[in-house]
């Protein structure tokens, strides 16, 4: 998991550096480049916010599913223990 996280982080940094270099090397006035970078940075911020919300929602769903499965497994095990105790007469 850590290796994938590092690879993803490296990829994102590379994309951002390439994007910034491409905009800075474009034949436009400095003020236009700064405006464009500001707009694109805002778009990126919004996109990352959406990704974060989606990941958080998915993580919450997984957590809820695991909690439900845990409770079911625990109850099932308790029921089996009760049945065994009843059969043994304890």
Restricted to region 20-32 and to residues being modelled with pLDDT under 75 and in a helix (DSSP H, G or I), the residue farthest from the chain's Cα centre (by Cα) is 30
Output for Cβ contacts, cut-off 9 Å, separation at least six or different chains, first residue at pLDDT 95 or above in region 63-90, second surrounded by 10 or more Cβ atoms within 10 Å (Cβ to Cβ), reads none
Among 41, 20, 59, the single one that is in contact with a helix residue (DSSP H, G or I) (Cβ under 8 Å, 6 or more places away or on another chain) and surrounded by 10 or more Cβ atoms within 10 Å (Cβ to Cβ) is 20
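The values are calculated or read from the model by the stated rules, or taken from the named source; none is laboratory data. Since the structure is predicted, the reported quantities are computational estimates derived from the model, not experimental observations. Neighbour counts run over all protein chains shown; Cβ positions are idealised from the backbone, glycine included.
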